[in-house]
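Right, one structure below, let's go through it.
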Amino acid sequence: MRTTTRLRQLLGAPGMLIAPGAHDVMTARIVEAEGFQAVYLGGFATSASMLGLPDHSLITMTELLANARNVAAAVTIPILADVDDGGGTPLNVRRTIRLAEQAGLAAVHIEDLVPGKHFVGHRDRLFPKAQAVDKIKAAVDARTDPDFVIIARSDAIGVTSLDDALDRAHAYAEAGADVLFLPYLRPKDTRRVVDALPKPLLNVVLDTPAGELERAGLKIAIYPVQSLFIAYKAVRDMLKELKATGTVADYAQRTPSWEEFNTFIGATEATQLAQKYHIV
């Protein structure tokens with residue numbers, strides 16, 4: 001079954017879909033190994049882990065999709081990915097969608113933020129609604145797989161108002177978006193917004209219990225940066241200890257065995273195949 005079709009089935013089933021974020025191929029494989037039914041690839045995490053750069057529209061569509069292609073080759077569960085504003089004009093968006101399908105993604109979200117964003121202490125800028133609507137129309141028109149999911153993201157809550165976000169969300173839904181994404185929505189407002197929207201809602205989750213959001217009607221919960229932040233903290237703490245003490249022996253109890261990791265990464269299976277094909 002195609003991952004796009006599987007994602008459509010999950011969206012049509014009762015309950016909330018949890019899609020933990022992955023910042024690279026290995027974390028995506030861990031998400032799948034732990035039994036989650038979908039994985040999320042965010043632009044912030046990809047830019048930080050792949051390029052070591054902040055999420056200021058510095059990563060290109062080529063780089064975002066290269067990471068997505070690598071992840072898609074390594075997991076079998078549906079991948080939902082961030083493609084920023086889709087790459088410029090509606091014609092750029094058309095090409096981005098075709099490339100996203102070819103990369104093996106099941107869904108992408110396209111935002112209405114003007115590139116050059118998320119600078120600390122400065123307000124982001126939004127594309128005019130009509131221009132953003134044309135991008136969603138272009139995305140819908142471009143897909144060749146009818147099950148490929150188009151997610152429309154509006155950052156209006158953080159820039160203008162919740163009312164503007166709802167107005168934009170309705171316009172994007174009318175343009176053909178399958179799912180709506182409203183960052184900065186307060187968890188306590190989830191039920192009211194879900195009831196006001198014509199399409200399912202996806203949103204970022206930080207520390208609100210999943211059950212609470214599911215009861216409020218949220219359809220897709222993404223956890224975009226948690227794996228990245230935990231990896232950063234763990235590696236940094238280990239290196240601080242190495243610098244201070246000259247040893248990382250104390251970390252032996254907190255790391256997997258060679259056998260466990262080799263099994264996870266596929267070395268055991270590869271060795272069996274090497275024996276079968278007389279490589280070893």
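The values are calculated or read from the model by the stated rules, or taken from the named source; none is laboratory data. None of the values given here were measured: they were computed from a predicted structure. Every residue, glycine as well, gets a Cβ built from its backbone with ideal geometry; the counts of neighbours run over all protein chains shown.
For segment 107-128, the tally of residues that are among the hydrophobic types (A, V, I, L, M, F, W, C) and either in contact with a helix residue (DSSP H, G or I) (Cβ under 7 Å, 6 or more places away or on another chain) or outside the structural domain of VAL83 (by TED's automatic domain parsing) (or both) stands at 4.
Looking at segment 19-28 only, could you name the residues that are of a type outside the set (Ser, Thr, Tyr), crowded, with 19+ Cβ neighbours inside 10 Å and not in a loop (DSSP other than H, G, I, E, B)? Those that are of a type outside the set (Ser, Thr, Tyr), crowded, with 19+ Cβ neighbours inside 10 Å and not in a loop (DSSP other than H, G, I, E, B): ALA19, PRO20, GLY21, ALA28.
Collect the residues in segment 172-191 that are over 23 Å from ILE136 (Cα atoms) and either touching a residue at least 60 places away in the same chain (Cβ under 8 Å) or in contact with a helix residue (DSSP H, G or I) (Cβ under 9 Å, 6 or more places away or on another chain) (or both), keeping them in residue-number order. So that I can check it myself, show each step before the final result.
Of segment 172-191, the ones over 23 Å from ILE136 (Cα atoms) are 186-191.
The answer is ARG186, PRO187, ASP189, THR190, ARG191.
Per the conditions (1) more than 17 Å from the chain's Cα centre (by Cα); (2) crowded, with 24+ Cβ neighbours inside 10 Å; (3) within 20 Å of LEU10 (Cβ to Cβ), the sole criterion not satisfied by ALA81 is (1). Checking ARG123, ARG98 one by one, the residue that is surrounded by fewer than 19 Cβ atoms within 10 Å (Cβ to Cβ), charged (D, E, K, R) and part of a helix (DSSP H, G or I) is ARG98 and no other. The C-beta contact set for segment 13-33 (first residue on the phi > 0 side of the Ramachandran plot, second residue part of a helix (DSSP H, G or I), distance under 9 angstrom, 6+ apart or interchain) comprises GLY15/GLU214. Of all residue pairs spaced 6 or more apart or on separate chains, those with beta-carbon atoms under 8 Å, a first member in segment 250-272 that is more than 19 Å from LEU239 (Cβ to Cβ) and modelled with pLDDT of 90 or more and a second member that is assigned to a helix (DSSP H, G or I) and among the hydroxyl-bearing types (Ser, Thr, Tyr) are ASN262/THR268.
Can you tell me which residue among GLY88, GLY104, GLY21, GLY43 is more than 15 Å from the chain's Cα centre (by Cα) and in the same structural domain as PHE148 (by TED's automatic domain parsing)?
Details: GLY104 fails: more than 15 Å from the chain's Cα centre (by Cα); GLY21 fails: more than 15 Å from the chain's Cα centre (by Cα); GLY43 fails: more than 15 Å from the chain's Cα centre (by Cα).
On inspection, the qualifying residue turns out to be GLY88.
Would segment 54-65 turn up any residue that is in contact (Cβ under 8 Å) with a residue 60 or more places away in the chain, buried (at least 21 other Cβ atoms within 10 Å of the Cβ), outside any loop (DSSP other than H, G, I, E, B) and in contact with a helix residue (DSSP H, G or I) (Cβ under 7 Å, 6 or more places away or on another chain)? Steps first, please.
To start, the set of residues in segment 54-65 that are in contact (Cβ under 8 Å) with a residue 60 or more places away in the chain comprises 54-57.
This time we only want the ones that are buried (at least 21 other Cβ atoms within 10 Å of the Cβ), so: none.
Within segment 54-65, not a single residue is in contact (Cβ under 8 Å) with a residue 60 or more places away in the chain, buried (at least 21 other Cβ atoms within 10 Å of the Cβ), outside any loop (DSSP other than H, G, I, E, B) and in contact with a helix residue (DSSP H, G or I) (Cβ under 7 Å, 6 or more places away or on another chain).
Here the helices (runs of 4 or more DSSP H) wholly within segment 129-246 that include at least 3 residues being not assigned by TED's automatic domain parsing to the domain that holds VAL31 are 226-245. Looking across segment 204-240, the residues that are out of contact with any Ser or Thr (no Cβ under 7 Å at 6 or more places or on another chain), surrounded by 15 or more Cβ atoms within 10 Å (Cβ to Cβ) and not hydrophobic (A, V, I, L, M, F, W, C) come down to THR208, GLU214, LYS219, TYR223, PRO224, GLN226. Filter segment 237-280 for residues that are under 29 Å from the mean Cα position of the chain (by Cα) and among the aliphatic types (A, V, I, L, M) and give the result. If the condition is that a residue be under 29 Å from the mean Cα position of the chain (by Cα) and among the aliphatic types (A, V, I, L, M), then MET238, LEU239, ILE265, ALA267 are the ones that fit.
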